[in-house]
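Student: One structure follows; several queries about it will come next.
Read-outs: derived from the displayed coordinates by stated rules, not from any lab. Because the structure is predicted, anything quoted here is derived from the model rather than measured. Cβ: placed from backbone, ideal geometry, glycine included. Neighbour counts: every protein chain shown.
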Amino acid sequence: MQRALSVSRVTGNRLTFPDWYQAVVREGDMAEVSPVRGSMIMKPWGYGVWERIQQTMDRRIKEMGVENCYFPLFIPLSFFAKEAEHVEGFAKEMAVVTHHRLKAVDGKLQPDPDAKLEEPLIVRPTSETIIGDAFSRWIKSHRDLPLKINQWANVVRWEMRTRLFLRTSEFLWQEGHTAHADREDALASTLEALEMYRDFSETVLAMPVVAGEKPENERFPGADNTYSIEAMMQDGKALQAGTSHYLGTSFARAQNIRFQGDSGELEYAHTSSWGTSTRMIGGVIMTHGDDDGLRLPPAIAPRQIVIVPMLRDKPEDAEVLAFGEALVKALNGQFALGEPIRAILDTKAQRSAEKRWNWVRKGAPIIVELGPRDVAAGQVSFMRRDDLRDGDKVKSQALSRDDFVAQAPALLASIQQTLFDQAKAMLDTNIRRDITTFEGLVEYFGAAAEDDEDTLAFKGWVRAPWSRPTGEALEAVVQKLKAQKLTLRNAPLDQPNSFGPCIFTGAAGVEEVLIGRAY
RNA sequence: CGGAGUGUGGCUCAGUCUGGUAGAGCACCGCGUUCGGGACGCGGGGGUCGCAGGUUCAAAUCCUGCCACUCCGACCA
């Protein structure tokens with residue numbers, strides 16, 4: 001898929017989707033690659049988005065009765081060995097600490113052989129094991145359950161290939177971990193987290209998703225059930241934007257998380273875990289971005305209203321600035337989307353036109369141009385980033401100052417809604433439900449071998465019934481799909497009452513599953 | 001780790017075949033004119049050409065080795 005991108009005036013021409021993505025991240029001042037392999041530097045604007053995500057989601061996590069805490073970055077190697085599937089799933093991407101001191105040899109620093117750790121430490125790829133260890137001490141009685149905790153942390157997974165925000169060796173996330181007396185309660189908690197993610201994604205990120213259960217081959221290592229929310233990017237590929245796992249009693253058994261029930265019997269706890277990461281920011285970029293750069297939903301925009309003063313080194317500049325400062329103050333005293341408005345007067349010593357386009361590229365929801373004429377008329381001229389798309393002709397609106405201040409909350413809410421509606425329309429119209437055979441699927445997506453990754457045409461997803469095979473039968477399906485660069489995304493929670501034949505085997509269908517290309 | 005490609009100023013690239021004083025556009029700095037939809041003129045700063053060897057009077061350019069990055073594959077929030 002190709003896009004034009006005016007954020008890159010330098011090359012100023014057609015870009016492939018991956019190049020477009022990189023350009024938007026760079027021109028939007030979100031992040032840059034760091035000197036550390038596969039790790040990124042999040043710049044203030046990008047980290048500001050993460051802070052907004054954190055603050056907003058943290059409230060929702062707490063509303064679920066979950067408390068925050070913090071566990072160590074390092075996990076003893078032996079903790080992983082306790083859960084066989086889990087260690088197998090992560091073994092290939094673990095960063096390992098083996099020494100605790102450096103020594104200069106021939107002027108070169110290297111690990112001191114005398115300072116080798118008795119037991120290597122793993123830089124956490126996820127914290128089930130060390131949190132489970134704590135749970136085994138914290139949980140003695142059914143009265144200790146349910147236990148629900150969350151932590152905001154960084155984790156490391158030594159990925160072979162990385163992309164800013166979407167897949168980095170180190171990333172920021174939240175991981176929720178819960179323990180329950182029985183399956184029913186744990187599963188309910190798993191699904192509650194999933195629903196929180198769905199709602200968060202749609203209402204805060206304005207990113208529509210399909211919530212569903214992952215097929216067996218896509219499960220989290222060690223999990224009984226894995227659920228996900230899947231978002232559709234503008235190239236039609238799926239992005240797994242959050243996952244929630246019902247872990248059964250396997251982690252409890254591996255780590256001896258047991259409690260005494262009211263009958264006095266010792267029972268294993270049922271646990272769950274769920275997480276979302278900085279990947280969501282990549283999803284926002286690829287959901288809302290356009291040829292002029294980012295478009296941030298007001299709920300997560302670090303600055304929602306940016307006022308660019310038109311200054312000309314003349315006496316009236318002072319009036320413009322004074323008007324602008326008063327405007328910012330009035331706006332910031334109001335609430336939009338449940339929080340104080342975040343407005344700023346951009347007084348950076350830079351040409352106005354330059355400033356304005358920088359904010360367009362950064363995706364600021366409302367950009368106000370404030371000049372002497374506005375001051376004289378007591379009005380505010382502004383443009384909405386959701387109106388200004390793909391190098392469209394400029395759409396500028398004007399309101400009286402008081403009306404603008406009064407309507408600012410509604411304007412921001414409206415932009416939030418518009419971004420969601422646009423993305424929702426895109427998602428809904430690009431899930432094909434009329435393809436019923438594997439041959440049809442191959443024909444629709446086209447022979448993968450012929451396509452270069454960068455030029456894959458936009459195809460979206462296919463939703464079709466299947467018989468939910470397991471084991472080797474499932475593996476056969478997965479391999480067939482893989483040859484077409486296709487994957488099973490999830491089986492949406494929202495299912496019809498009856499099903500046609502399985503798209504893969506022709507056997508009786510038992511549920512519908514989403515199929516598509518994925519990140 | 002397999003396949004392909006690329007390393008030249010902050011960004012995008014030319015120059016390498018055919019060795020001879022390191023370039024362009026954008027960005028950046030200064031001055032002036034501008035400024036309400038991506039300004040213009042003049043002047044300027046910034047690069048040991050990925051690293052290490054070798055060949056040569058002379059290496060961005062040729063040879064050898066290494067490293068990094070990008071894309072594809074395997075892996076993946």
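Student: Check the straight Cα-Cα distances from A:Lys348 and name the aspartates and glutamates below 12 Å, setting aside those fewer than 8 residues away within the same chain.
Tutor: none
Student: Okay, moving on. If the limit is 30 Å between Cα atoms, which of A:Lys82/A:Lys237; A:Lys82/A:Lys140; A:Lys148/A:Lys482; A:Lys148/A:Lys237 go over it?
Tutor: A:Lys82/A:Lys237; A:Lys148/A:Lys482; A:Lys148/A:Lys237
Student: A further question follows. For segment A:431-516, what does the equivalent ellipsoid look like in terms of its semi-axes, each the square root of 5 times an eigenvalue of the Cα gyration tensor, given largest first in whole Å?
Tutor: 22, 14, 11
Student: Turning to a different aspect of this structure: Report the gain in length on full extension from A:Arg433 to A:Trp152: 0.36 nm times residue separation, minus Cα-Cα distance, nm rounded to one decimal.
Tutor: Stretched fully, the A:Arg433-A:Trp152 segment lengthens by 97.3 nm.
Student: Please state the relative contact order of segment A:214-303 as a whole percent: Cα pairs under 8 Å, 6+ residues apart?
Tutor: 22
Student: Please report the relative contact order for chain A, taking Cα pairs under 8 Å with a sequence separation of at least 6, and give it as a percent rounded to a whole number.
Tutor: Here the relative contact order equals 15 percent.
Student: Assign unit charges at the C-beta atoms only (+1 for Lys and Arg, -1 for Asp and Glu), then state the dipole size of chain A relative to its Cα centre in Debye, rounded to the nearest 20.
Tutor: I would put it at about 1220 debye.
Student: Oh, and also: Tell me which residues come under 5 Å, amide H to amide H, from A:Lys103 once H is placed; ignore anything under 5 positions away on its chain.
Tutor: Amide H neighbours of A:Lys103: A:Gln110, A:Asp112.
Student: May I pose another question? Spelling out what I want: for every residue of segment A:393-404, take phi, set θ = phi - 60°, compute 6.51 cos²θ - 1.76 cosθ + 1.60 (Karplus), and round to whole Hz; glycine and proline get x.
Tutor: 4, 5, 10, 10, 10, 9, 9, 5, 3, 5, 5, 4
Student: Taking amide H atoms as placed 1.01 Å from N in the peptide plane, list the residues 5 or more away in sequence, or in a different chain, whose amide H sits under 5 Å from that of A:Asp235.
Tutor: none
Student: Please name which of A:Thr437, A:Pro72, A:Pro492 has its Cα lying farthest along the dipole of chain A towards the positive end, using unit charges on Cβ (Lys, Arg +1; Asp, Glu -1) and the Cα centre as origin.
Tutor: A:Pro72
Student: Once you have the Cα-Cα distance between A:Asn497 and A:Glu93, take 0.36 nm times their residue separation minus that, and quote the gain in nm to one decimal.
Tutor: That works out to 141.3 nm of additional length.
Student: Tell me, what ³J(HN,Hα) does each residue in segment A:255-266 have, in order and in whole Hz, if you take phi through Karplus 6.51 cos²θ - 1.76 cosθ + 1.60 with θ = phi - 60° and put x for Gly and Pro?
Tutor: 10, 6, 8, 10, 9, 8, x, 5, 7, x, 6, 7
Student: Determine, for each peptide in A:432-438, A:187-193, A:336-342, the mean count of other beta carbons within 10 angstrom over its residues, then list the peptides with the highest first.
Tutor: Going by the mean number of other Cβ atoms within 10 Å, highest first, we get A:187-193, A:336-342, A:432-438.
Student: Let me ask something else. Specify the angular offset, from 0 to 90 degrees and rounded to the nearest 10, of the alpha carbon long axis of helix A:44-63 from the longest principal axis of the alpha carbons in chain A.
Tutor: Tilt of helix A:44-63: around 60 degrees.
Student: With θ set to phi - 60° and the Karplus curve 6.51 cos²θ - 1.76 cosθ + 1.60, what are the ³J(HN,Hα) couplings of segment A:125-131 in order, to the nearest whole Hz, using x for Gly and Pro?
Tutor: Going residue by residue, I get x, 4, 10, 3, 5, 7, 6 Hz, with x marking Gly and Pro.
Student: Gain in length, A:Thr505 to A:Lys393, computed as 0.36 nm per residue apart minus the alpha-carbon separation, to one decimal in nm?
Tutor: Answer, rounded to one decimal: 35.2 nm.
Student: Next question, about the same structure. What Kirkwood hydrodynamic radius do you get for segment A:151-207 when you take the inverse of the mean 1/r over all pairs of distinct Cα atoms, in Å?
Tutor: 13.7
Student: In degrees between 0 and 90, to the nearest 10, how far off the longest principal axis of chain A does helix A:17-27 point, with axes built from Cα atoms?
Tutor: The helix A:17-27 is inclined about 60 degrees to chain A.
Student: Helix A:316-332 versus the longest principal axis of chain A: what is the Cα-based angle in degrees, 0 to 90, to the nearest 10?
Tutor: 40
Student: With charges set only on the Cβ (+1 for Lys and Arg, -1 for Asp and Glu), what does the dipole of segment A:431-516 come to about its Cα centre, in debye to the nearest 20?
Tutor: The calculation lands at about 280 debye.
Student: Round to a whole angstrom and tell me the spacing of the C-alpha centers of segment A:265-315 and segment A:203-218.
Tutor: Value for the Cα centre distance between the two parts: 17 Å.
Student: Still on this structure, I have one more. Using amide H atoms built in the peptide plane, which far-off residues or other-chain residues are under 5 Å from A:Leu370 H to H?
Tutor: Answer set, sorted by chain and number: A:Val308, A:Met310.
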